[in-house]
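Read-outs: derived from the displayed coordinates by stated rules, not from any lab. Just so you know, these numbers come straight off a predicted model, no measurement behind them. Cβ placement follows ideal geometry from the backbone for every residue including glycine, while neighbour counts extend to all protein chains displayed.
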2 protein chains.
Amino acid sequence: MAKNETLAALKIIPLGGLHEIGKNTCVFEYDDEIILLDAGLAFPTDGMHGVNIVLPDMTYIRENRHKIKGMIVTHGHEDHIGGIAFHLKQFDIPVIYGPRLALAMLEGKLEEAGVRERTELRSVLPRDVMRIGKHFFVEYIRNTHSIADSFTVAIHTPVGLIIHTGDFKFDHTPVDGEHFDLQRLAEHGEKGVLCLMSDSTNSEVPGFTPSERSVYPNLDRVFSQATGRLFVTTFASSVHRINMVLQLAQKYKRVVGVVGRSMLNLIAHARNLGYIKCDDNLLLPLQSVRNVPDENVLILTTGSQGEPMSAMTRIANQEHPHIRIRQGDTVVFSANPIPGNTIAVVTVIDKLMMQGANVIYGRDKGIHVSGHGCQEDQKLMIALTKPKFFLPVHGEHRMLVKHSQTAQSMGIPAENMVIIQNGNIVELTEESIRVAGKVASGLELVDTSGSGMVSAKVLQERQRMAEEGIVTIAMALDWNGKLIAKPEIHLRGVVTSIERSLLQKWVQQRIEEILSVRWSEFAPSFD
Amino acid sequence: MAKNETLAALKIIPLGGLHEIGKNTCVFEYDDEIILLDAGLAFPTDGMHGVNIVLPDMTYIRENRHKIKGMIVTHGHEDHIGGIAFHLKQFDIPVIYGPRLALAMLEGKLEEAGVRERTELRSVLPRDVMRIGKHFFVEYIRNTHSIADSFTVAIHTPVGLIIHTGDFKFDHTPVDGEHFDLQRLAEHGEKGVLCLMSDSTNSEVPGFTPSERSVYPNLDRVFSQATGRLFVTTFASSVHRINMVLQLAQKYKRVVGVVGRSMLNLIAHARNLGYIKCDDNLLLPLQSVRNVPDENVLILTTGSQGEPMSAMTRIANQEHPHIRIRQGDTVVFSANPIPGNTIAVVTVIDKLMMQGANVIYGRDKGIHVSGHGCQEDQKLMIALTKPKFFLPVHGEHRMLVKHSQTAQSMGIPAENMVIIQNGNIVELTEESIRVAGKVASGLELVDTSGSGMVSAKVLQERQRMAEEGIVTIAMALDWNGKLIAKPEIHLRGVVTSIERSLLQKWVQQRIEEILSVRWSEFAPSFD
Ligand SMILES: [Zn+2]
Ligand SMILES: [Zn+2]
Ligand SMILES: [Zn+2]
Ligand SMILES: [Zn+2]
């Protein structure tokens, strides 16, 4: 077969989601067509001063915007949909397919950002198959995860079938009764999967991730023992957890006040779509909750990660406009701290305890489980799909390495997988998988003020000023380069033990020295 | 008995070490005498820009410096001795008693800071009893911890005997063969202990802390499997761990190059005092190590916490002047990340792996154990000493609470213990324990530049500039309040999408508006 008859390779280019958890964004490119899979955001790490949101470098997409045929959304988590509104300000996406819950949440974001008209949102149901462009057919396969309405996708491409797991664990007793569609996975495994791209979040953790439902009896025990008000905090997006908390509130005759905009939002959408079921009169506005006896009150809030502006943190800091902790309150942290948030979370816990709350937290309480599968879940995924090639995604480098070792332990040869970094171009053919280059990768940082992007230079300036402070000197000169008044010295963020008047004197001396020697050099520039 | 015949109360005032781990500093005051127990430092947390070292607020000590009769040091960790050099710049301490290893390390610090003459260092041996002032007798009781030469102290005071555990775990198979002096603890328990002040670090963790020796077989397995160079990183102060690593190096015929000043320092002191035993020719300068075949090389380094300037981090960043990672290297993290350091540590691990190293890390490897006792160790301490009153120390608030619950589970009544905060004055008599007020507490922040203390105002300015950047405008006016040149605008760390010429125009307009309206108000101030 002559070379020009060979089938072209499919390009897979993850722009985010590797060497970090967050901002999952992946390009599938064939011929002159691109489809995108998810477009998430991440949150700033230490040293990213004044940065609100972190996005992947989208240079490659901007330059190839004319190729974009559409986007596939797997589920409604911020690390999968949080970047879309930002990207739509820069380029159109003809169509975005996604689960109903994810699209309901996305629609609000797009409207807020004023970019709702830049795309078309089309919701999907399990086993729907969408044609995107000439080359791609995408099938939605129901999976189980911490948010409801989550999907694995099977992407039929000219080189073969790719299964992208999305975020998943195998939860055989899902809270909403929506089971993982193992049959479809197995059927694809039987027919032949060219490549599996699989969630690596918990690849370092042995065993199976417990079912979300395993949390229920432990939360039930906490509810049964609480005598005063009960506070529960969890991720705003943990639909199943929130669902169970509401069921328990009903059981223990507590009305529920929800605090935190993102959680109110999610509950509204999830109830609309039937993923959360509860009586209308269970949920009360916060003002009305105040008139209910303590033992009949549940406050459900955001802030499980100690986020500085969240409701729970403001309550702990005694800065919340409506809520103060009282002796006898019980506060439940139904979420583990994400690495990097630990100090913030325990500080909040300590403050709540100092104000008299009984705080229930920690891994040994059984009040939180992960939404991502561990090593045995990952093995089951590989066993069901029997892929020829394997591409671990959604994780930091060492997680990808560990995941690839798991795959090798199941008989997939090491040469049939690649460990990649953001921006790598993976070329996939019927016969091979390889890294064939690199596009621009890195970060785009959105400023807290919302007024633009924080460049590397601006960030460096901020870091420097944060470390050392800044000295400004204002001076007035005559045409002969003589000071005509004392220079004004301002220190901001500067530590010095030198007395002010002495500092003034030194600076003035130094300025006069410089002027006397170098005025002739400076002067011409005033012409 | 008339009131003035009543025995005065003993005051215990912890200035640091509560609601954080670090900067342990405690005052014991009776009548006109003060003794200090330890004086440590802590490291800055997020948002403490340009801060190098965190110390407790020492106002109370400075104001009562004339009462100080001496200091007791329990062991050589930074959170127990790291503050002493700073304090000696402000007030003298007549005498400091401490273990030989701790004092050897302290002496270096005092010399470096130029305050060696401000105190007298006297080393102690197990069961030594020192009289300090008129009122205090202090007995040193050998304990087991992650650093060698560590002590629990029994403080005989006019109101009764106080046992302060220092940092401890019960390690019945100590690496250096120096056993915990359980007999002395039990004897005091038999005679009567008024109050136990006990290490709360691991009060949230069930069970016993494993012996340091349990790490040995796991490290041995790693050594036996390494084929190329071997890197081991741990805390610079973990004498026992370093001892075992050196023993294994000898066993596996690897010469050892030590990287990191603090570790070199500790090894020198510990070898001098016999706490580390190894052949002289085992340790080689880094230059000579380069000529040794890979399989005979061990590099022992600091940086187990991902500290930005540490050797291991610089190696990972490919910024170390002498060492580059090569395919085939094995790197062992024999330390768990302290909360708050997790992200830094895993980032270093990822970078090392990307450069081809086989990195051994994680809790499941058995290559690290804590130096602090867990719940069962804490119970054994209470069981041996049988205290009347209980005062949990060395821990964050929730750990103190948990520790107090452990004590209650053993029959100590809740009213016989207090949960305190830094700066609380605990009054202890033969009959009662209570919080009787508060002295100034909080933080003193040492600037990175070493030039002074970072005040709250300076910190706030730095935080603000880090978030938002700074705009400076220089303008030249004539005597009538008219601009005589275009104002000069400088942006540092500022994000804006406004074009430079437009910004210039806007600022100039605004200045002219203000001047035209308010010049008459400003003008007089130039007289
Ligand atoms: Zn997710
Ligand atoms: Zn995700
Ligand atoms: Zn300590
Ligand atoms: Zn210690």
Rg over Rh, two decimals, chain B (C-alpha only, Kirkwood Rh): 1.07
Assigned charges on the beta-carbon of Lys, Arg, Asp, Glu; the range A:253-352 dipole about Cα centre (debye): 120
Label-point separation in nm, residue A:95 to residue B:91, each point 7 Å along Cα→Cβ: 7.7
Estimated FRET transfer efficiency when R0 is 30 angstrom, pair residue B:483-residue A:486 (beta carbons, to 0.05): 0.85
Residue order, fewest to most surrounding Cβ atoms within 10 angstrom, among A:197, B:410: B:410, A:197
The range A:176-213 and the range B:60-139: distance between their alpha carbon centers, rounded to Å: 61
Cβ-based exposure ranking for B:464, B:398, in which fewest neighbours within 10 Å come first: B:464, B:398
Inverse of mean 1/r across different Cα pairs in the range A:450-495, Kirkwood, Å: 13.2
Segment residue B:455-residue B:295, extension gain: residue separation times 0.36 nm, minus the distance between their alpha carbons: 52.4 nm
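Other chains' Cβ within 10 Å of B:337-347 residues: what's the mean? Spell out each step's value before the answer.
Details: counts 2, 2, 8, 8, 4, 7, 9, 3, 1, 6, 5.
Rounded to a whole number, the mean comes out at 5.
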Cα-Cα P(r), the range A:296-399, percent of pairs per 5 Å interval: 2, 10, 18, 19, 13, 9, 8, 8, 6, 4, 2, 1
Beta bridge orientation in chain B: antiparallel %, DSSP, nearest 5: 55
Spin-label model distance (nm) - residue B:288 vs residue B:65, 7 Å beyond Cα toward Cβ: 4.7
Average other protein chain Cβ within 10 Å of Cβ, residues A:203-210: 1
Reachable aspartates and glutamates from residue A:191, criterion Cα separation under 17 angstrom, eight or more residues apart if same chain: A:139, A:181, A:430, A:431
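May I ask you to derive the relative contact order of chain B, considering only C-alpha pairs under 8 Å and at least 6 residues apart, and to give it as an integer percent? Please list the in-between numbers first.
Working: 1100 pairs, mean separation 88.4, N = 527.
Relative contact order for chain B comes out at 17 percent.
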Segment residue A:512-residue A:8, length gained on full extension (0.36 nm per residue, minus Cα span): 174.3 nm
Proximal lysines relative to residue A:253, as straight alpha-carbon distance under 17 Å, when same-chain residues fewer than 8 apart are discounted: A:277
Residues in the range A:472-506 reached by a label modelled at residue B:476 [backbone nitrogen below 17 Å; 7 Å Cα→Cβ]: A:473-488
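Would you work out the charge dipole size for the range A:1-159 about its Cα centre, treating the Cβ of every Lys and Arg as +1 and the Cβ of every Asp and Glu as -1, and quote it to the nearest 20 debye? Walk me through the numbers on the way to the answer.
Details: 17 positive and 21 negative charges, 69 e Å.
About 340 debye.
Applying 1/(1 + (r/R0)^6) with R0 = 25 Å to the Cβ-Cβ distance of residue A:268 and residue A:120, what FRET efficiency is obtained, to the nearest 0.05? Present the calculation step by step, with values, prior to reporting the outcome.
Values: r = 23 Å, r/R0 = 0.92.
Once rounded, the FRET efficiency stands at 0.60.
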Paramagnetic label zone (point 7 Å from Cα along Cα-to-C-beta, residue A:498; backbone N under 18 Å) in the range A:457-480: A:468-475
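Could you work out the relative contact order of the range B:387-505, using alpha carbon pairs under 8 angstrom and six or more residues apart, expressed as a whole percent?
14
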Square roots of five times the Cα gyration tensor eigenvalues for the range B:17-138, Å: 23, 17, 14
Within 10 Å of each Cβ in A:464-475, the average number of Cβ atoms from other chains: 6
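Relative contact order (percent) for the range B:328-406, with alpha-carbon contacts under 8 angstrom and 6 or more residues of separation? Present the calculation step by step, with values, prior to reporting the outcome.
Numbers: 47 pairs, mean separation 23.8, N = 79.
Relative contact order, the range B:328-406: 30 percent.
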Under 12 Å from the Cα of residue B:482 - aspartates and glutamates, other chains or at least 8 residues apart: B:512, B:513
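How big is D, in µm² s⁻¹, for the range B:103-183 by Stokes-Einstein at 4 °C and 1.567 mPa s if Rh is the Kirkwood radius over C-alpha pairs? Don't skip to the end; give the middle numbers.
Working: Rh = 14.3 Å.
Diffusion coefficient, whole number: 90 µm²/s.
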Helix-derived mean residue ellipticity, 222 nm - over chain A, DSSP H n ≥ 4, -39500 (n - 2.57), to 500: -9000 deg cm²/dmol
